[in-house]
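The values are calculated or read from the model by the stated rules, or taken from the named source; none is laboratory data. Quick caveat, the model's predicted, so the values are computed rather than measured. Here Cβ is always computed from backbone atoms with ideal geometry, including for glycine, and neighbour counts include all displayed protein chains. We work out accessible area using only protein heavy atoms, side chains counted, and drop any ligands, DNA or RNA first. Shrake-Rupley method; radii C 1.70, N 1.55, O 1.52, S 1.80 Å.
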Amino acid sequence: MEACLSALAALEACLSSTANVETEDRAAFWEAACSWVDATDKLKPGDEQGQLLRHAAIVATLLGHVMSKAASAWDTDGAKKAGSEISVPTPGTLHARADVAAAAAKAASGFVTLLKRRSPPLNHALLQQVTDGVVAVTLCFRLPAAAWQQARQLGAVVDLAASLLKPDRDSATCPASSVSALARAINTPGFLVALLRNVASRLAVEPASQGWREVRRIAYYVVLQMYCLGHLAEEYGRLVADEHLVQQLLSLVVLPAYFKELDEGLSS
């Protein structure tokens, strides 16, 4: 519990002390997010979480606000300015934004874990604040494939998507309103298709390092869940309508991951 509170405090400090998350210490943001995820992974359903939930609601709200503000600024790039000038982000700017998005996704994954492992009695108002923060972050990942230069960056976003697709949120510990809101966020039209397109684009040009193999493994899970989950039928329809993307995913994600699982099964 102390580890969770300490990680939350570090995360809150990163989010509160910056006017622009792109220009501040992004490494500290990432480290705080990783510490938060590690701490929530050790939570047990029976732990007393009242103080933790109160602090988490504050930090999740702050995270959602900071990321919504950042994403709004990112969305203005490419729009025509006064005098018909067009703002085009530099590669360095895109990399900085991917760093920020990755840290935010990592932190949001920790909040999803907290929602899954929350012990009754439930404070629905606080849980809703945490949920709203996660939803706000989930709607902020609108970066081009070229932005994701590192496996950990794109991997953090894919991992968040996977955690939102896992059908293990128990209504006894996670209110139906939270489950519904998280499902709507991940089912935002075009979100998963765009994410998988970014994955395919990067896997096509990146070396087969351990980091990118992990991205492929998680993306494989996302594809399977899109196929299996009924509420994602429309998004899955958008995916199969893009024949080029389907071919890319088959050759770069589905078949390599499937044969790796098969090989591991035969070896065990």
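Summary table
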{"read-out": "Order of exposure, largest accessible area first, which applies to Thr113, Thr90, Thr40 with probe 1.4 Å", "value": "Thr90, Thr113, Thr40"}
{"read-out": "The chain: relative contact order as a whole-number percent, Cα under 8 Å and 6+ apart", "value": "18"}
{"read-out": "For Glu2, solvent-accessible area (1.4 Å; no DNA, RNA or ligand), Å²", "value": "140"}
{"read-out": "Residues Tyr227 and Lys69, FRET efficiency given R0 of 41 Å [Cβ-Cβ distance, rounded to 0.05]", "value": "0.70"}
{"read-out": "For the range 59-71, 3J(HN,Hα) per residue [Karplus equation, 6.51 cos²θ - 1.76 cosθ + 1.60, θ = phi - 60°, Hz, x = Gly/Pro]", "value": "6, 5, 5, 5, 4, x, 5, 4, 6, 5, 5, 5, 5"}
{"read-out": "Cβ-Cβ FRET estimate between His244 and Ala3, R0 fixed at 35 Å, reported to 0.05", "value": "0.20"}
{"read-out": "Heavy-atom surface of the chain, accessible at 1.4 Å and reported per residue (Å²)", "value": "47"}
{"read-out": "Accessible-area composition of the range 178-218, carbon plus sulfur, in percent [1.4 Å probe]", "value": "56"}
{"read-out": "Per-residue ³J(HN,Hα) for the range 217-225, Karplus 6.51 cos²θ - 1.76 cosθ + 1.60, θ = phi - 60°, Hz, x for Gly and Pro", "value": "4, 5, 4, 4, 4, 4, 4, 4, 5"}
{"read-out": "Per-residue [θ]222 nm for the chain (sum of -39500 (n - 2.57) over DSSP H runs n ≥ 4, rounded to 500)", "value": "-23000 deg cm²/dmol"}
{"read-out": "Point-to-point label distance, Glu234-Ser177, nm (Cα→Cβ direction, 7 Å offset)", "value": "2.3"}
{"read-out": "Area accessible to solvent at Lys106, 1.4 Å probe radius, in Å²", "value": "50"}
{"read-out": "The chain shape via C-alpha gyration tensor axes, a/c threshold 1.5", "value": "oblate"}
{"read-out": "Net length gained if the chain between Gln150 and Asp25 were fully extended (0.36 nm per residue, minus Cα distance)", "value": "43.3 nm"}
